[in-house]
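**Q** One structure coming up, written as structure tokens, with questions to follow.
Just so it is clear, none of the values below were taken in a lab; they were calculated from the coordinates. Bear in mind that the values here come from a model prediction, so they are computed numbers and not experimental data. Cβ sites come from the backbone with ideal geometry, for glycine too, and all protein chains shown count toward neighbours.
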Amino acid sequence: MSDRTMHWENVYATKGETEVSWYQASPATSLAMIRTANSDHDAAIIDIGGGASRLVDALLQDGYRHLAVLDLSANALDVVKKRIGQAASTVDWIVADVTTWQPAKTYDVWHDRAAFHFLTDPRDRAAYVERLRSAVASGGHVIIATFAPDGPEKCSGLPVQRHDSASLAAELGREFELMETRREMHHTPWDSTQAFQFSRFQRSL
């Protein structure tokens, strides 16, 4: 088990769902951007670094039928499975490090709220993008949220790499066109605020 995996397994083994700074009762921005990217309920959607996020709950409620959630932590995914009950059997749960994962299929929407900004090593970011290119279908959309340039420099005790849409575009390469960007002030469970930026790209046909 890698140090990165051990860190996140420990986080989700020792903290409740609402005891982490990234908790959202409603992932409204993510859901809105996914709807804009692809409203087809047969679209294949993967949530990278989903953790115990409530996004999969919202997508199922919205009628999306082909969902996958990838995370380093099996503990985190177990939280979600228990929360959504029988619906968990319809979701593809993937316990993996996205930088070493080998995608078995392609997706119409790749969503990542705050996994990418933990990749402070350029080699890890390059490995992430390599997997993304393997997994995103032609014409597919990529939604990545990170701490904005004025956001926190650390999260869960780890350093982060803050981004704006321009730095993300440089990481992804020319085949991904920036379609929209949004700013969000995230309110943590203890009432502090964190500046996030969400960027949506579309892969050229």
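**Q** Treating cross-link reach as a plain straight distance, find the lysines whose alpha-carbon is under 29 Å from the alpha-carbon of residue 82, omitting any fewer than eight places away in the same chain.
**A** Output for residue 82: 15, 105.
**Q** Given +1 on the Cβ of Lys and Arg, -1 on the Cβ of Asp and Glu, and no further charges, what dipole in debye does the chain carry about its Cα centre, rounded to the nearest 20?
**A** 140
**Q** Now, a different point. Which percent of Cα-Cα pairs in the chain sits in each 5 Å bin, short to long?
**A** Going out from 0 Å in 5 Å bins, the chain shows 1, 7, 16, 22, 23, 18, 10, 2, 0 percent.
**Q** How large is the Kirkwood hydrodynamic radius of region 67-153, counting all unique pairs of alpha carbons, in Å? Intermediate values should be presented prior to the final figure.
**A** Values: mean 1/r = 0.0702 Å⁻¹.
Result for region 67-153, one decimal place: 14.2 Å.
**Q** Additional query: Using alpha-carbon pairs under 8 Å, 6+ residues apart, how would you state the relative contact order of the chain in percent? Present the calculation step by step, with values, prior to reporting the outcome.
**A** Numbers: 379 pairs, mean separation 39.7, N = 205.
Value for the chain: 19 percent.
**Q** Using the Cα centre as the reference, give the magnitude of the dipole from point charges on the C-beta atoms of region 1-117 (Lys, Arg: +1; Asp, Glu: -1; all else neutral), rounded to the nearest 20 debye. Spell out each step's value before the answer.
**A** Details: 10 positive and 15 negative charges, 34 e Å.
Approximately 160 debye in magnitude.
**Q** Output ³J(HN,Hα) for region 140-154: one whole-Hz value per residue in order, computed from phi by the Karplus curve 6.51 cos²θ - 1.76 cosθ + 1.60 with θ = phi - 60°, and x for Gly and Pro.
**A** x, 10, 10, 10, 10, 10, 9, 4, 6, x, 9, x, x, 8, 9
**Q** Which percent, nearest 5, of DSSP beta bridges in region 88-196 are antiparallel?
**A** Numbers: 7 of 13 bridges.
Here the antiparallel bridges make up roughly 55 percent for region 88-196.
**Q** If one puts a single equal scatterer on every Cα of region 107-205 and applies the Debye formula without solvent, what log₁₀ I(q)/I(0) results at q = 0.13, 0.15, 0.24 Å⁻¹?
**A** Calculated log10 I(q)/I(0) at the listed q: -0.44, -0.58, -1.30.
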